[in-house]
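Engineer: Right, I'll just put the structure down here and ask away after.
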Amino acid sequence: MHELELKKDDPSRIAVLLDACPAGSLTASVIRPANNLVQHRCEAGRVENHDAGVRVHFHCADEQVEVCLDMTASEAGLTGKFRASGRGHCMIRLVWTLPEDEDGFAFVPAFMYGNNRGGNSPDATYPQLVDDGEYVPSKPWRADEWLVRADRSSHGTTSVITGSRVYAMGGRDVSIHAGGGVAEKNGIGINAARPRRLTFSLGFMNAPFVYCCLSGRNFVSRPEGCVDLDRAPVESDFFLFCFTHDARHRAAGLLLREAYAFLHDEIGDAGSVADAVPAIAQALVDEAYNPAGVNFDTTIFKNTTRIQEKVDNNFLTGWCGGTMAAYPLLVAGRQLGNEQWLSCARGVLSNIAENAISAQSTLFFENYNSVEKQWNTRGWWYPCLENPGHSGYVNGQACHYLLLAYQLEKDAGIDQPAWRAAANRVLDHVVDTQTAAGGFGYTYSEDDGSILDSDGFSGCWFTPALATLYGITGDNKYLEAATAAMDFYRRHVEAFDASGGPHDIHKSPDEEGILAWINAARIMHEQTGDERFLQDLQTGLDYEFSWKFAYNVVNEVEPLKSLNWCSTGGSVTSVNNSHIHPMGTAVAASILYAVRHTADPYLASRLIDTIRWSLTVYLRDEKHYGWGRRGLINERFCYTDALLVERFDDGSPAATWFCGHCWASASVLEGLAGAVLDAEREDRQTVLGG
């Protein structure tokens, strides 16, 4: 355990020392809403060391504000309270300035991964960090410093991971008045140039602006928020972490564990997996299945409060429908003995296996137009592609789910040769085009199936499919291809730089791509018993958990506000799209697998969070979220102020959509049916806790 010390350095600064070595300094300032938000620097006061920890004081005489950090020692540094008292409305900002010679990887979980450069998309407009000399006024999303609400981070954390140290600061998303009641949202910040700065504030500022992926659509968010000290003193849970490490991914994993231990909120009783699975499966069949396409509608407007503006005659092979919805429905049908679900799932899988492969490219078409009766590559994401063609994401996922479905049926004594043959045919082609480094394509040519674009994590979806095909065939060719892919993608995962999974995020850092890696690592460990793949699984889960909330945000917008909706256990989709979606639930069985093979209580707690959260997102009753029938799920839960573009009929903002999404239902169904439902039957506490 390291020793983190705080000592008065000069009249305005508190020195930070790690094991008696310099680790930067802390300063505090008061910012009033008037006078162009000028910062008034506080004087550093006394530092009181006591048996349990340390108490640090700052004083701003001109502004009549007193600040106190009251903290105790923890495994990673110091944890406790950030308090302020005095007069008026203001922000109280604490800045940790790191040593001049320290630089490294900016890490704000669910918001900033390095500089957020992601891939090489020219259309990237999500928040990025750049040095002063790189700033271009016409590209405000590229800034030398970002200040945002603390609830932009899944762990309320801002940090820099250098080559040997972690510097981190954070706390709750809100500050509380003495005696109770929310005072205001808190803020965090991080900069690009040296000296690196970490910021945590009571009250917040959105600078350079409030980012929203739908430019010009967010008219709700506030540029800043101040606490009212005239009403009462305020305080927030707060931490300072500083420790050494030997690898970035282990540093990030430990930081997440420590922040989670300090901030974690539990979710109350949300029901049972046994109740959820049939409700979700039946709604998927009744409301999403479309006989005209022998597939599922991507968006579900039937029996909701919204009217579909136009009929969508397009049906998908994977990602947002098709195989990724049919497979979990097949699992649920097999597990609960429901012939309607089985018949529906088999029809979708067989239609895709028998009809969706292009003779030219030897790859799956991504889309079927039921009016033109034509298979094509024009999924809804097609205009977002820099090098349009076949999708590595959709093709890899289609192979993955077809082979899992084939194995499930085979185990039940039913042969589905077309499913295996289709996936085998595509994977043979993909292995032949695998890059020398081991990667797969983001997009592929419609003419000959060659790789058009290899920049992005999408192609990782071929890896779990190849691992499963090896298990089915015993052919080492597929194991060697999967192993080479693991070696290739591992460097991105261990760098916490998995970007460009889905096609609608302009290759930003994202959460979806890692789900392929998690599945691949688990299946590779199942097939080979090689412990490195179990370690890969844990590293992948650490990255996934960086997107998964450790605490419950204070909801400001309906319907989540009145429902007292819980964010703990929900995963943010990407830095491009700042909303929580249900896709993280899809790997619940892999989390359960890791729990059983490690007996790690932290992983067990994360599993319980994931399952309990998942049980809160489906409509438990008619119009539970203000729309739709029991069992439906929508894709968007706005946990912060970034994506409030939906409106109620009276024009007020809404924190969800008022329609269902096929893939949202399928992701939750995949996570809950099968291994997790079996585990609940064996021991409810394993998946739902006490």
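The values are calculated or read from the model by the stated rules, or taken from the named source; none is laboratory data. Given the structure is predicted, the values throughout are model-derived calculations rather than measurements. Backbone-built Cβ (ideal geometry, glycine too); neighbour counts: all protein chains shown.
Engineer: Restrict the check to the range 226-241 and report whether at least one residue is of a type in the set (A, V, I, L, M, F, W, C) and at pLDDT below 95.
Structural biologist: Scanning the range 226-241, I find no residue that is of a type in the set (A, V, I, L, M, F, W, C) and at pLDDT below 95, so the answer is no.
Engineer: Within the range 347-401, track down each residue that is β-branched (V, I, T) and farther than 25 Å from I414 by Cβ.
Structural biologist: Listed by number, the residues that qualify are T362, V371, T377, V394.
Engineer: Show the residue pairs that are 6+ apart or on different chains and have beta-carbon atoms under 6 Å apart, the first residue being within the range 468-496 and charged (D, E, K, R), the second being surrounded by 15 or more Cβ atoms within 10 Å (Cβ to Cβ) and part of a helix (DSSP H, G or I).
Structural biologist: E494/H249
Engineer: When residues of the range 675-690 are filtered for being surrounded by fewer than 24 Cβ atoms within 10 Å (Cβ to Cβ) and either closer than 25 Å to H155 by Cβ or under 23 Å from the mean Cα position of the chain (by Cα) (or both), how many remain?
Structural biologist: Residues that pass the stated criteria total 5.
Engineer: Name the strands (runs of 3 or more DSSP E) wholly within the range 31-136 that hold at least 1 residues that are at pLDDT 95 or above, among the β-branched types (V, I, T) and more than 30 Å from S458 (Cβ to Cβ)?
Structural biologist: 43-50, 53-60, 65-73, 77-86, 89-97
Engineer: Okay, next question. It is to be established whether one or more residues within the range 202-212 are outside the structural domain of A673 (by TED's automatic domain parsing), surrounded by 22 or more Cβ atoms within 10 Å (Cβ to Cβ) and closer than 30 Å to V668 by Cα.
Structural biologist: yes
Engineer: Just one of R522, R420, R491 is farther than 26 Å from Y382 by Cβ, within 28 Å of the chain's Cα centre (by Cα) and surrounded by fewer than 24 Cβ atoms within 10 Å (Cβ to Cβ); which is it?
Structural biologist: Only one candidate qualifies: R491.
Engineer: List, please: which pairs have Cβ atoms under 9 Å, are six or more places apart or on different chains, and start with a residue in the range 640-664 that is in the same structural domain as L563 (by TED's automatic domain parsing) and end with one that is of a type in the set (G, A, S) and assigned to a strand (DSSP E or B)?
Structural biologist: Within 9 Å, the pairs are L644/A654; V645/A654; E646/A654; R647/A654; F648/A654.
Engineer: For the range 181-197, which positions are buried (at least 19 other Cβ atoms within 10 Å of the Cβ), in contact with a helix residue (DSSP H, G or I) (Cβ under 7 Å, 6 or more places away or on another chain) and either among the basic types (K, R) or assigned to a loop (DSSP other than H, G, I, E, B) (or both)?
Structural biologist: If the condition is that a residue be buried (at least 19 other Cβ atoms within 10 Å of the Cβ), in contact with a helix residue (DSSP H, G or I) (Cβ under 7 Å, 6 or more places away or on another chain) and either among the basic types (K, R) or assigned to a loop (DSSP other than H, G, I, E, B) (or both), then K185, N186 are the ones that fit.
Engineer: Do we find that A288 is surrounded by 16 or more Cβ atoms within 10 Å (Cβ to Cβ), out of contact with any strand residue (DSSP E or B) (no Cβ under 6 Å at 6 or more places or on another chain), within 22 Å of G631 (Cα to Cα) and not assigned by TED's automatic domain parsing to the domain that holds S153 in this structure?
Structural biologist: When the stated conditions are applied, A288 does not pass them.
Engineer: Would you confirm, using the coordinates I've provided, whether A495 is assigned by TED's automatic domain parsing to the domain that holds S574, over 23 Å from W319 (Cα atoms) and not polar (S, T, N, Q)?
Structural biologist: yes
Engineer: Let me ask something else. For the range 251-274, state whether one or more residues are closer than 28 Å to R149 by Cα, surrounded by fewer than 21 Cβ atoms within 10 Å (Cβ to Cβ), among the hydroxyl-bearing types (S, T, Y) and at pLDDT 95 or above.
Structural biologist: No, because not a single residue in the range 251-274 is closer than 28 Å to R149 by Cα, surrounded by fewer than 21 Cβ atoms within 10 Å (Cβ to Cβ), among the hydroxyl-bearing types (S, T, Y) and at pLDDT 95 or above.
Engineer: Counting just the residues of the range 359-382 that are of a type in the set (V, I, T) and at pLDDT 95 or above, which one comes out surrounded by the fewest Cβ atoms within 10 Å (Cβ to Cβ)?
Structural biologist: Among them, the one singled out is T362.
Engineer: Scan the range 139-168 for residues that are outside any strand (DSSP E or B) and either surrounded by fewer than 24 Cβ atoms within 10 Å (Cβ to Cβ) or in contact with a Ser or Thr (Cβ under 8 Å, 6 or more places away or on another chain) (or both) and jot them down.
Structural biologist: K139, P140, W141, D144, D151, R152, S154, H155, T162, G163, S164
Engineer: Now for a different question. What's the number of the condition S546 fails, among (1) out of contact with any Pro (no Cβ under 6 Å at 6 or more places or on another chain); (2) part of a helix (DSSP H, G or I); (3) of a type in the set (S, T, Y)?
Structural biologist: Status for S546: all satisfied but (1).
Engineer: Hey, another quick one. Of the residues A84, A124, which is in contact with a Leu (Cβ under 6 Å, 6 or more places away or on another chain), buried (at least 16 other Cβ atoms within 10 Å of the Cβ) and either among the polar types (S, T, N, Q) or over 19 Å from L18 (Cα atoms) (or both)?
Structural biologist: Going through A84, A124 in turn, the sole match is A84.
Engineer: So which pairs qualify, if the first residue must be in the range 383-410 and farther than 19 Å from Y470 by Cβ and of a type in the set (S, T, Y), the second must be in a helix (DSSP H, G or I) and at pLDDT 95 or above, the Cβ gap must be under 6 Å, and the two must be at least 6 apart or on different chains?
Structural biologist: Going by the 6 Å Cβ cut-off, the qualifying pairs are Y393/S458; Y393/W461.
Engineer: Can you tell me which residue among A405, A465, A421, A436 is over 23 Å from H525 (Cβ atoms) and in a helix (DSSP H, G or I)?
Structural biologist: Result of the check over A405, A465, A421, A436: A421.
Engineer: Can you pull out every residue in the range 561-582 that is among the hydrophobic types (A, V, I, L, M, F, W, C) and under 12 Å from W613 (Cβ atoms)?
Structural biologist: Within the range 561-582, W565, C566, I580 qualify.
Engineer: Determine, yes or no, whether A168 is assigned by TED's automatic domain parsing to the domain that holds S25, modelled with pLDDT under 95 and at negative phi.
Structural biologist: No: the conditions fail for A168.
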